[in-house]
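> I have a structure here, written as structure tokens, and I will follow up with some questions on it.
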Amino acid sequence: MDFGHRHGGGVAGKWKKRPTILNSCRAPLLLSTFTVIALFISSKIFISPSLLPLSRDSRPPQCTHTSGEKYLWYAPHSGFSNQLSEFRNAILMAAILNRTLIVPPVLDHHAVALGSCPKFRVLDPNELRFRVWNHGIQLIRDRRYVSMADIVDLSSLVATSAVRFMDFRIFVSKWCDVNLSLACTADSSMHSSLLEKLRRCGSLLSGYDGNVDACLFASQEDCRTTVWTYQTDDGILDSFQADEELKKKRKTSFSRTRKDVSRALGPGSTAGSATVLAFGSLFTGPYKGSESHIDIHEAPNDQRVQSVIQKIEFLQFVPEILNAGKSFAYQTISAPFLCAQLRLLDGQFKNHWGGTFQVLKQTLDSLKQKGSPPIHVFIMTDLPQLNWTGSYLGGLEKDSDAFKLFVLREDDELVAETAKKLVNAAYGLKLQSVSSSFDGREQHCSPLSLPDILLYVEETICSCASLGFVGTAGSTIANSIELMRKNRACS
């Protein structure tokens, strides 16, 4: 709008025009106009650039030149057990939609939190994706990146070509047209340019620029609105909805609809034509007779997908981790033992020590009556051993005649040597879709420190406990160990 000509030019002649209401308001109007312009300019300066549309020349080259391969990206979150559950769901979605799955890093524990699906209080999908993207880039910069494929064995899926995979780092190098090895350099000017390019690329992929032609489809569906299905219910309301009290409290009108993911996002849909399909969270769990976000447990009319469902029901750790856990169980403990997984410091668990210890006490009392002492017990807990004094664990530690306790520490040689083997194996960087000619494996930074793998080795040890397992009620770690024991991971 041309404000300079809004009210015309000057007045000719010697007579002064009598001020009118319009003329008398001109100065305040102009002042208001300039104020609005100033505020607009300042907002452009201070608003997060990730919220602003990207110019066409800043878009990844794949938006204008694609190889024909289609990808699925998603935003994992929370602790490792939740991330592993999401990873299984992502594999399933990639199989259904016939897309190459971008394998994410293992995120720091609770570096990114979703919120609460039952309370309809979760992060917006765009924000969740961008937080996950930024954390992934930070892990690369800090040189402590660990791929989910470095921890979870995908060899059976890769061997059968049931699902195609690509490591997040290789995808970033390709999609954003960057050399990630530059993240290792000390050149600050190079850092600044690289990070800006990565930020803009992540912003686009997160959906802040909307859906980009046939390049990107950033799904806005989440657990507040959608329960994904396959070859079954489609377009009907889910049995679980927000009640009136919750709607009033949250000021929300969300309705949860069951949708067939293939019909909504597969071939023939707008999303189906996009090179990248970006999901938000893919976490789900049973709740009030339904599922929070994904309700796909079988695919009787699709044998390929049914086979994938069966394969991902239990994803084994890579051999290096399994061998380390078995070694500790059979060579260090070297006797039948009980495993106690005691989560005592995190979240809701720190207020339930009494109940957690009571279950363990009952189990140990029963074992004492059946066998001869000492009873071998492997303790897996987040409570440092120095702080056991005064707790039930401290009492067990003192009663050395009745109990022989074992713990594994991060600085133990077994853990360190296993971590070195995983770094050398580099399973994540070896993932490569056979249809892609791009190889970014040399474009990465060698780690500055060994990855934290203590949790995975501990879970494996617990899967070997022949005297039984006592887990913390409500802990996803306990659920993971139970699944490992069910599937005889230690055999």
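> Would it be correct to say that VAL146 is at pLDDT 90 or above and over 21 Å from TYR208 (Cβ atoms)?
So VAL146 fits the description; yes.
> If you check THR356 against the conditions, is it surrounded by 14 or more Cβ atoms within 10 Å (Cβ to Cβ), part of a helix (DSSP H, G or I) and modelled with pLDDT of 95 or more?
Against the criterion (surrounded by 14 or more Cβ atoms within 10 Å (Cβ to Cβ), part of a helix (DSSP H, G or I) and modelled with pLDDT of 95 or more), THR356 does not qualify.
> Sort out which residues of segment 324-347 are surrounded by fewer than 18 Cβ atoms within 10 Å (Cβ to Cβ) and either of a type in the set (Val, Ile, Thr) or touching a residue at least 24 places away in the same chain (Cβ under 8 Å) (or both), and write them in order of number.
Once the filter is applied, which keeps residues that are surrounded by fewer than 18 Cβ atoms within 10 Å (Cβ to Cβ) and either of a type in the set (Val, Ile, Thr) or touching a residue at least 24 places away in the same chain (Cβ under 8 Å) (or both), segment 324-347 yields SER327, TYR330, THR332, ALA335, PRO336, LEU345, ASP346.
> What strands (runs of 3 or more DSSP E), lying completely within segment 372-491, carry at least 1 residues that are among the hydroxyl-bearing types (Ser, Thr, Tyr) and over 22 Å from the mean Cα position of the chain (by Cα)?
375-381
> Name the pairs whose Cβ atoms lie under 8 Å apart, with the first residue in segment 232-251 and surrounded by 14 or more Cβ atoms within 10 Å (Cβ to Cβ), the second small (Gly, Ala, Ser) and not in a loop (DSSP other than H, G, I, E, B), and 6 or more positions between them or separate chains?
Here the result reads ASP238/SER290; PHE240/SER290, each pair linking segment 232-251 to a residue that is small (Gly, Ala, Ser) and not in a loop (DSSP other than H, G, I, E, B).
> Further question on the same structure: Restricting to segment 208-227, name every residue that is open to solvent by less than 10 Å² (accessible area, probe 1.4 Å) and either at pLDDT below 95 or within 17 Å of THR270 (Cβ to Cβ) (or both). Can you show your working first?
Keep residues of segment 208-227 that are open to solvent by less than 10 Å² (accessible area, probe 1.4 Å), which gives 212, 215-216, 218-219, 223, 226-227.
Within segment 208-227, VAL212, CYS215, LEU216, ALA218, SER219, THR226 meet the criteria.
> Exactly one condition in (1) without any contact (Cβ under 8 Å) to a residue 40 or more places away in the chain; (2) touching a helix residue (DSSP H, G or I) at 6+ places or on another chain (Cβ under 7 Å) is false for PHE120; which is it?
(1)
> Say we look at segment 359-407 and pick out the residues that are β-branched (Val, Ile, Thr) and closer than 17 Å to SER466 by Cα; which of these is surrounded by the most Cβ atoms within 10 Å (Cβ to Cβ)? Steps first, answer last, please.
Looking only at segment 359-407, we keep the residues that are β-branched (Val, Ile, Thr), and these are 359, 363, 375, 377, 379, 381, 389, 407.
Next, from what is left, pick out any that are closer than 17 Å to SER466 by Cα: 363, 375, 377, 379, 407.
Values: THR363: 18, ILE375: 21, VAL377: 24, ILE379: 22, VAL407: 15.
Step by step, filter segment 359-407, then rank; the result is VAL377.
> For segment 135-164, which positions are assigned to a helix (DSSP H, G or I), under 19 Å from the mean Cα position of the chain (by Cα) and not hydrophobic (A, V, I, L, M, F, W, C)?
HIS135, GLY136, GLN138, ARG141, ASP142, ASP150, listed by residue number.
> Having 2 or more residues that are within 18 Å of LEU101 (Cα to Cα) is the bar; report the helices (runs of 4 or more DSSP H) wholly within segment 225-337 that clear it.
261-265, 303-312
The values are calculated or read from the model by the stated rules, or taken from the named source; none is laboratory data. Keep in mind it's a predicted model, so treat the numbers as computed, not measured. Glycine gets a Cβ as well: all are built from the backbone with ideal geometry, and neighbour counts include every protein chain shown. Just so you know, the surface numbers come from the protein's heavy atoms only, side chains and all, with ligands and any DNA or RNA stripped out. Shrake-Rupley method; radii C 1.70, N 1.55, O 1.52, S 1.80 Å.
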